[in-house]
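We did not get these values from a lab; they are worked out from the coordinates using the rules stated. As the structure is a prediction and not an experimental result, all values here were calculated from the model. Neighbour counts are summed over all protein chains in view; Cβ atoms, including those assigned to glycine, are modelled from backbone coordinates with ideal geometry.
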């Protein structure tokens, strides 16, 4: 069974294709980059991956703000770039490997798979991350976690309850450019019934989220169905309980919704 993606189309298109990211690291974050760990881009304009730890080296790939990567070697040469001091870090991003400036990335907690072999269980919940810790588990059928407000602040918009696709939304970012949570459908009043996000800090328990490559997505969520996209989405990858909007070979939009009834 797959989610009824097209029934969520009105909800999806209220979000912008671009999602600005915060560049600062929260006060008190002490986590360090370690080989084998995960990190994400903090530079709002994105980050270039280079073939060697040198600003003049050829560009291997360009990572968008919030993109996640695996750290291979955190102890490259030290450098000062745009007023920031840090070391060059060798990383893997999808199929690409190269060096990025460590002053523009930060560590995130390694994630454990939730639900074991039960794929549907894993897709029912996703974490909003901050460096070194998890900051709120969004789960279908439960309220928005209080920790989410600590990360995002006051919602940028709330629509009244009703029975239309765009009713009962709580969202952050211009027109939901970070995350949209549907709480009301005319019956349900407080619990999350749909999550719609483009924020790279939002990950499933198996590490997949906005910024993941198609290869990473298919490896962690095998057996999905490919469907035609809409608007800014080139195509859609549907799995039980979740749909992924793909653009340029990477996930740009995630929709988590209840499983379709037989």
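With r defined as the distance between the Cβ atoms of residue 56 and residue 166 and R0 fixed at 45 Å, what FRET efficiency is calculated, to the nearest 0.05?
On the way: r = 49 Å, r/R0 = 1.09.
For residue 56 and residue 166, the calculated efficiency is 0.40.
With the simple model of a label 7 Å out from the Cα in the direction of the Cβ, residue 174 to residue 156 spans 0.7 nm. For residue 235 and residue 78, the FRET efficiency from 1/(1 + (r/R0)^6), where r spans their Cβ atoms and R0 equals 41 Å, is about 0.45.
With an 8 Å Cα cut-off and a minimum separation of 6 or more residues, compute the relative contact order for region 38-108 in percent.
On the way: 169 pairs, mean separation 25.8, N = 71.
Once normalised by length, the contact order is 36 percent.
Only Cα sites of region 34-76 enter the Debye sum here, all with the same form factor; the resulting log10 I(q)/I(0) across q = 0.14, 0.18, 0.19, 0.28 1/Å is -0.33, -0.55, -0.62, -1.12, listed in q order. If a paramagnetic tag sat 7 Å from the Cα of residue 219 along the Cα-Cβ line, which residues of region 235-250 would have the backbone N under 15 Å from that point? Those under the cut-off are 250. Under 15 Å from a label point set 7 Å out along the Cα-to-Cβ vector of residue 92, the amide N atoms of region 40-71 belong to 68-71.
Between residue 190 and residue 137, what is the FRET efficiency for a Förster distance of 25 Å, r being their Cβ-Cβ separation, to the nearest 0.05? Could you put the intermediate results ahead of the total?
Working: r = 16 Å, r/R0 = 0.65.
Computed FRET efficiency for residue 190 and residue 137 comes out at 0.95.
With all pairs of separate Cα atoms included, region 38-108 yields a Kirkwood hydrodynamic radius of 11.6 Å.
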